[in-house]
Amino acid sequence: MTSTTSHIPRFDSLQVGDTLPALELEPVSRLMLALYCGASGDHNPIHVDIDFARSAGQADVFAHGMLSMAWLGRLLTNWVPPSALRSYGVRFAAITHVGDRVRCEGRVTEKFEAGGERRVRLELSTVDQDGQVKLTGDAVVALP
């Protein structure tokens, strides 16, 4: 896996509060969810079977939490190569529904040195078209 970034950010050029280039995604679709089922091996019917979702008290199928986590991972690897990632974690805040337009965002919250590396801590989130936070997270990356 390679980063799609053509420019790796430098530690000295970043300040606390700087933001990562946002990742805007296509609206969540049933096809997207079905393809993710196949790719991930997570075939929980609540994500693809509307009757099953309704029997579980949901109005419709909805995105896998791990799909949302993957989108934030893509935000990170668009910014730095995967080899720069030192930690990554998320907290699920709300369901991502079919039709939601998801935007992935990140912000530098800390600069520090550890293990002989210069690192930054990032605050991450996915938000929908109405600004509702769906997923929050944090990551640490090493930078040149």
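Read-outs: derived from the displayed coordinates by stated rules, not from any lab. Bear in mind that the values here come from a model prediction, so they are computed numbers and not experimental data. Please note: Cβ atoms are built from the backbone with ideal geometry, for glycine as well, and neighbour counts cover all protein chains shown.
From the largest down, the range 22-107 spans 43, 24, 22 angstrom on the principal axes of its Cα atoms.
All other residues whose Cβ lies under 10 angstrom from that of Asp12 are scored, Lys and Arg at +1 and Asp and Glu at -1, for a net of +3. Centroid-to-centroid, using Cα positions, the range 120-139 and the range 12-34 are 9 Å apart. Over all other residues within a Cβ to Cβ distance under 13 Å of Glu110, the charged ones net out to +2, with Lys and Arg as +1 and Asp and Glu as -1.
The amide H of Thr109, built 1.01 Å from its N in the peptide plane, has Gly17, Arg121, Leu122, Glu123 as neighbours under 5 Å, considering only residues 5 or more places off or on other chains.
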